[in-house]
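Below is one structure, written out as C-alpha cells; comments come after it.
What follows is calculated from the coordinates using simple rules that are stated; it is not laboratory data. Here the structure is a predicted model, which means the values were calculated and not measured. Using ideal geometry, Cβ is built from the backbone for each residue, glycine included, and neighbour counts are taken over all protein chains shown.
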Amino acid sequence: MKEVIAVVRMNMMNKTKTALTEAGVDAFFAHEAQGRGKGFVNAAVVEGAESGYEEAAEVLGEKGKLYPKRMLTAVVTDDQVEEVVEAITKVNQTGKPGDGKIFVLPIGDAVRVRTSEAGEQAIL
C-alpha cells in the first residue's frame, strides 16, 4: 500500500477529483493548504530590503507569499500508484510554475475501524 499526496491549484480540484474517481480511487481526503515553490530570490533585493528600501521589501514580501492550494491524500494499492499519479499529473500539468507536487509514501498497515479489516482489505 502507498499513500499518494498531491498538492494542486485550488481551481483544479474538481478536475482532480474526477480524475481520481476515474482511476478507481473513490476514497480520499482533501485539505486546504498554503505553500510556495522554491522560486528565485535576488540577493540585491534582500540587501535592499535589509537597508530599508521599501520597494525592495515589497518585492521580497511577494516572493515569500504563501499561495492557497489543495492537498489530496489517498491510500491506494501498489498496483494503483502509477495510474493515480498519471491521472493527477494529466489534469494538473500546465507547464507553468505552481502546477503542484505529488508525493508517494509507503504505508505499513491500515485498519478499517468499523469492521477491523486490516491491510489492503481496509482500503478496498
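Cross-link list 2/38; 17/38; 2/90; 38/90; 17/90; 17/96: which exceed 18 angstrom alpha carbon to alpha carbon?
On the way: 2/38 26 Å; 17/38 26 Å; 2/90 20 Å; 38/90 23 Å; 17/90 12 Å; 17/96 21 Å.
With Cα atoms farther than 18 Å apart: 2/38; 17/38; 2/90; 38/90; 17/96.
Return the FRET efficiency for the residue pair residue 34, residue 81: r is the Cβ-Cβ distance, R0 is 30 Å, and the value is rounded to the nearest 0.05. Walk me through the numbers before you get to the answer.
Values: r = 27 Å, r/R0 = 0.89.
The pair residue 34/residue 81 has a calculated efficiency of 0.65.
In nanometres, what is the gap between the two model label sites at residue 124 and residue 110, each 7 Å from Cα along Cα-to-Cβ?
Inter-label distance under the simple model: 1.2 nm.
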